[in-house]
Amino acid sequence: MNVQWYPGHMTKAKRQMQEDVKLIDLIIELVDARVPLSSRNPDIDEIGKNKARLILLNKADLADEAQNEVWKTYFQEKGFYVVKVDSRNGAGMKLVQNVIQEACKEKTERDRKRGIKNRPIRAMVAGIPNVGKSTFINTFAGKACAKTGNKPGVTKGKQWIRLNKNVELLDTPGILWPKFEDQEVGKRLAFIGSVKDDILNMEELALELISYLCKNYPGALEKRYNIAEEGLPVEILGEIARVRGCLKKGEELDYTKATGILFEEFRSGKIGRITLEWA
């Protein structure tokens, strides 16, 4: 499975982020809790050196809770602040506020010593496409957020969202591209829907997903579809098609339709809380 990104876009986005980083104190990096490494670009560590760093394990409600804790420890040991969130329903958001203050306490202390009081912490949200950056900004800022407009010394067009008296958020998130050299990374991102389905062979991908689930989460498919997890992945997909009534004319099993059901139910957490990448 080959997924291509355009290098021109990547270079431009990276350059933009390098400029924006000069304006901020803290990078809030969103990763998908189901694929925490595959959904981040290591370039951010170079771009964000000397800045406070906060990693949000987004969609943590869809991931295996035991693995969420393992990944949280993994990143904390590397010097990041970490919060598990689900930006769609707001879970973990209150904690983010507190951790932002904690992550930037050295800066606040430096300001205080210089006689600068109440200067808000400036942060930017960063991450790969489709990881939930905009949803997070909207949920975190809430409906009442006021854009503070252009400030002196800020590039024209830059808008700051005033979250409260302590935090301002750059309204344009930093975009990083995943590293697709490793085909496993591409596959994991395809599983969670971060790569457009219409450029992929979804039935082939479904067999890979079934194989992964049977090996790492035995019983999950059996429980959801009331089928035996026996035989080849293609036979299991056939069983899902049969149980869900996915039939073409002449009682032939409709594997395409069954694939659609499998991915919809996997991505929405109906098959269970599943992590695709283990620390």
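FYI, it's all coordinate maths here, none of it is from the lab. What you see is a predicted model; the values in this text were computed from it and never measured. Glycine gets a Cβ as well: all are built from the backbone with ideal geometry, and neighbour counts include every protein chain shown.
Subtracting the Cα-Cα distance of K215 and Y74 from 0.36 nm times their residue separation leaves 48.4 nm of extension gain.
Antiparallel beta bridges, as assigned by DSSP with both residues in segment 7-175, represent about 25 percent of the total such bridges. By other beta-carbon atoms within 10 Å, ranking Y81, Y212 with the fewest at the front produces Y212, Y81. Taken about its Cα centre, segment 1-141 carries a charge dipole of about 720 debye when Lys and Arg each add +1 at the Cβ and Asp and Glu each add -1 at the Cβ. Overall, the chain carries a charge dipole of about 2240 debye about its Cα centre when +1 sits on the Cβ of Lys and Arg and -1 on the Cβ of Asp and Glu, all other atoms neutral. Per residue, the chain reaches -12500 deg cm²/dmol at 222 nm when only DSSP H runs of four or more residues are counted, each adding -39500 (n - 2.57).
If R₀ is 41 angstrom, what is the calculated FRET efficiency for the pair I116 and T172, using the beta carbon separation as r and rounding to 0.05? That pair, I116 with T172, gives E of 0.95. The overall shape of the chain is prolate: from the C-alpha gyration tensor, with semi-axes ordered a ≥ b ≥ c, the ratio a/c is 1.5 or greater and a/b exceeds b/c. A Cβ-based charge dipole, computed about the Cα centre of segment 232-279 with Lys and Arg at +1 and Asp and Glu at -1, lands at about 180 debye. Taking amide H positions as modeled 1.01 Å from N, with prolines and chain starts lacking one, the residues under 5 Å from K84 and 5 or more places away or on another chain are L57. Excluding the site residues themselves, the longest part of the chain lacking any GluC sites (Glu not before Pro) in a DSSP loop with at most 15 other Cβ atoms within 10 Å is 1-180.
3J(HN,Hα) along segment 27-33, derived from phi through the Karplus expression 6.51 cos²θ - 1.76 cosθ + 1.60 where θ = phi - 60°, amounts to 9, 9, 9, 8, 10, 7, 4 Hz, with x in place of Gly and Pro.
Candidates G174, L189, V21 compared by Cα position along the dipole of the chain: farthest toward the positive end lies V21, with charges placed on Cβ.
Students often get this wrong, so check it: of K78/K117; K49/K117; K223/K257; K72/K165; K22/K84, which have C-alpha atoms separated by over 23 Å? Over 23 Å Cα-Cα: K78/K117; K49/K117; K72/K165; K22/K84. Helix 183-192 sits at what angle to the longest principal axis of the chain, using alpha carbons and giving 0 to 90 degrees rounded to 10? The angle comes out near 90 degrees. Ordered by the number of other Cβ atoms lying within 10 Å of each residue's own Cβ, fewest first, M124, M10, M17 fall into the sequence M10, M17, M124.
When both segment 17-70 and segment 230-279 are represented by their alpha-carbon centers, they are found 31 Å apart. Towards the positive end of the charge dipole of the chain, with charges on Cβ (+1 Lys, Arg; -1 Asp, Glu), say which of G132, L262, Q97 has the farthest Cα. Selected residue: Q97.
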